[in-house]
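The values are calculated or read from the model by the stated rules, or taken from the named source; none is laboratory data. This is a predicted model, so every value here is computed, not measured. Cβ coordinates were reconstructed from backbone atoms using ideal geometry, including for glycine residues, and neighbour counts include every protein chain displayed.
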């Protein structure tokens with residue numbers, strides 16, 4: 001269900017600065033690449049007129065790149081972001097169409113290939129597609145409308161300012177023309193300067209903010225006509241599967257492919273180069289079996305005889321490693337990221353102290369569509385068809401692997417059957433290119449579900465220790481949080497064991513509570529597998545720890561959980577990072593803090609909304625409970641209120657309410673969809689999914705032992721409540737912020753229902 005509520009806190013005054021210093025752009029020393037999903041050119045975000053939405057440098061606004069108007073009036077709009085359910089392939093063209101006054105029923109959407117010099121940044125990640133490109137899309141649409149009006153004015157000999165463009169028509173007095181009639185003349189005109197554009201008033205929007213436009217691929221997806229990675233076919237194409245090292249960093253010592261080559265349909269066996277982190281998105285290596293069909297390739301792989309060298313991580317055991325991490329988290333760390341006030345003195349003077357440790361297992365993304373890529377490599381170059389989130393990075397990495405110029409590589413983006421960050425890492429496309437080059441034909445490399453779960457870039461394992469000092473009245477006077485987790489940086493640069501500033505800024509140093517003494521520490525933990533970003537990244541373990549701890553603290557002090565949250569958040573304020581001890585390199589999701597500050601009034605407001613919606617404080621039957629959590633991530637504020645019911649020892653979640661403050665919401669239908677998806681993913685990581693390693697290899701293999709939430713335990717009702725804002729309030733992230741508060745809200749509700757406190761993710765579906 002979709003709800004708009006009337007209360008909307010006003011944006012804080014004093015945060016409309018036009019330019020800030022460069023920050024948020026990361027270069028990894030010695031690695032030679034920027035981290036996809038985190039790196040943004042955040043220099044000089046202007047406070048743009050006509051809505052005030054920030055638009056980073058480097059965003060392309062050339063209508064001749066993104067718009068084509070055909071003589072029959074058909075408008076083709078280019079989507080330069082990948083589609084994996086977030087709706088950016090629909091929402092950005094929808095904004096262009098609205099601003100240019102195109103009739104949506106006459107719009108065709110075309111997917112851009114990987115070409116950042118032409119289209120600008122194409123990384124679909126960081127929940128930034130709309131917040132970085134809403135103004136870009138408006139400018140493109142306004143430019144086309146301007147060009148149509150001027151083309152008509154020239155033809156009719158009238159002032160351009162008197163020409164009206166509306167609903168796919170151009171009019172002046174008795175003159176009237178369709179878009180197609182003016183297309184050639186309009187698109188031949190110079191692109192207008194920004195200063196010459198007249199933007200529509202938000203009151204005149206047809207589609208923006210109305211929630212009327214379904215995703216453009218909905219019919220094809222529903223009827224099976226949509227083209228995903230595995231649907232692309234080429235003449236002469238072969239299929240390959242790869243036997244990869246079971247241990248990250250391992251390699252082939254020897255192999256016998258005699259039996260594999262004897263399988264009917266198998267045409268070739270190719271050894272791939274191995275890699276040891278830090279290797280970026282390079283494939284793990286192994287042996288590829290190429291065949292006329294997928295089944296033959298899989299049977300051929302089964303017949304391989306391979307002796308593996310386990311490499312440096314052959315002893316990785318997550319149970320033992322997690323115990324070491326917990327021990328590290330429960331001791332003072334030598335690395336301090338945030339230091340506010342005098343924490344030691346506050347603990348020394350405390351009437352009492354309270355602390356707990358929370359852990360989280362590795363997690364695999366497990367998108368519905370496992371990784372897949374089709375490559376055709378010839379003497380002229382390479383062409384790739386793949387469901388990738390970062391098509392230009394894929395293009396450059398394929399070129400590097402093939403030792404050719406990136407200009408010789410074309411990457412075609414298919415629909416993504418889920419991504420969640422996994423498909424921003426395109427090792428599977430590089431594999432396809434290497435195998436195609438070796439055999440001289442087009443080759444599709446297909447990952448199985450077992451490949452996907454055992455060989456992913458894993459979400460990091462973590463241990464989070466929180467301690468508080470309390471005065472005689474039970475007020476929190478000091479907060480100490482030691483976060484211990486292998487860093488994503490280990491995938492790209494030599495591993496120092498500590499998290500870097502981007503991970504620090506995800507629910508750790510930006511903890512928004514009004515507490516006078518705060519210390520955020522980071523104990524060391526080295527990575528023993530490939531670590532990659534997973535939907536909401538480090539916000540997941542941080543919200544799990546902080547949200548669960550607030551629930552525990554409320555019980556410990558005999559207070560209402562909602563009031564405990566509000567007491568910790570304190571009176572509405574805009575956080576001053578300097579006064580509250582934030583590090584100098586505090587990372588605010590690549591945005592200028594002056595335009596996207598931490599506003600605790602907005603945080604408390606969504607908490608109130610979710611609590612009120614679920615009926616906080618009502619009497620619950622035995623075996624049932626309500627729980628809360630609120631978290632800010634990707635510059636959005638999201639609260640989750642969960643209703644837990646235990647049935648025959650199984651945890652059920654019959655009802656869930658989300659409240660989100662994401663600034664101006666351009667496409668409410670997609671916001672509702674994303675938060676419904678967050679309920680699925682949040683419940684999955686809360687109750688089921690955990691990856692474990694023994695002897696360096698992943699134990700889990702498929703959905704029988706790496707379970708997902710299923711239809712029989714998805715909430716009967718997921719309600720989404722949105723804070724309404726006018727167009728003058730910055731749009732913020734939506735794709736990821738819904739996930740972090742789900743698990744702690746469920747844990748807090750479960751405690752109310754059973755008296756059992758769960759401190760490890762996944763917590764298990766049984767009590």
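For this structure, a couple of remarks:
- Qualifying residue in the range 739-758 (condition: more than 18 Å from residue 652 (Cα to Cα) and out of contact with any helix residue (DSSP H, G or I) (no Cβ under 6 Å at 6 or more places or on another chain)): no
- So residue 297, is it crowded, with 18+ Cβ neighbours inside 10 Å and under 26 Å from residue 521 (Cβ atoms): no
- Search result, residues across the range 542-596 that are within 17 Å of residue 626 (Cα to Cα) and in a loop (DSSP other than H, G, I, E, B): 558, 559, 560
- Residue in the range 521-538 that is touching a residue at least 60 places away in the same chain (Cβ under 8 Å), assigned to a strand (DSSP E or B) and under 21 Å from the mean Cα position of the chain (by Cα) present: yes
- From 268, 282, residue being under 19 Å from residue 373 (Cβ atoms), in contact (Cβ under 8 Å) with a residue 60 or more places away in the chain and over 32 Å from the mean Cα position of the chain (by Cα): 268
- Residue among 721, 704 that is over 19 Å from residue 762 (Cα atoms) and modelled with pLDDT of 95 or more: 721
- Any hit, the range 396-404, residues being outside the structural domain of residue 236 (by TED's automatic domain parsing), touching a helix residue (DSSP H, G or I) at 6+ places or on another chain (Cβ under 6 Å) and touching a residue at least 12 places away in the same chain (Cβ under 8 Å): no
- Enumeration of residues in the range 609-621 that are in a helix (DSSP H, G or I) and in contact with a strand residue (DSSP E or B) (Cβ under 8 Å, 6 or more places away or on another chain): 609, 610, 611, 613, 614
- Matching entry among 662, 641, 697, 679 (being closer than 19 Å to residue 546 by Cβ, modelled with pLDDT of 95 or more and in the same structural domain as residue 538 (by TED's automatic domain parsing)): 641
- Options 714, 693: the member that is over 21 Å from the mean Cα position of the chain (by Cα) and within 25 Å of residue 616 (Cα to Cα): 714
- Residue match in the range 748-763 (condition: in the same structural domain as residue 652 (by TED's automatic domain parsing), more than 28 Å from residue 563 (Cβ to Cβ) and buried (at least 23 other Cβ atoms within 10 Å of the Cβ)): no
- In the range 156-199, residue surrounded by the most Cβ atoms within 10 Å (Cβ to Cβ) [restricted to those that are in contact with a helix residue (DSSP H, G or I) (Cβ under 7 Å, 6 or more places away or on another chain) and without any contact (Cβ under 8 Å) to a residue 24 or more places away in the chain]: 170
- Residue check for residue 144: surrounded by 21 or more Cβ atoms within 10 Å (Cβ to Cβ) and over 40 Å from the mean Cα position of the chain (by Cα): no
- Residue within the range 200-215 that is in contact with a strand residue (DSSP E or B) (Cβ under 6 Å, 6 or more places away or on another chain) and buried (at least 19 other Cβ atoms within 10 Å of the Cβ) present: no
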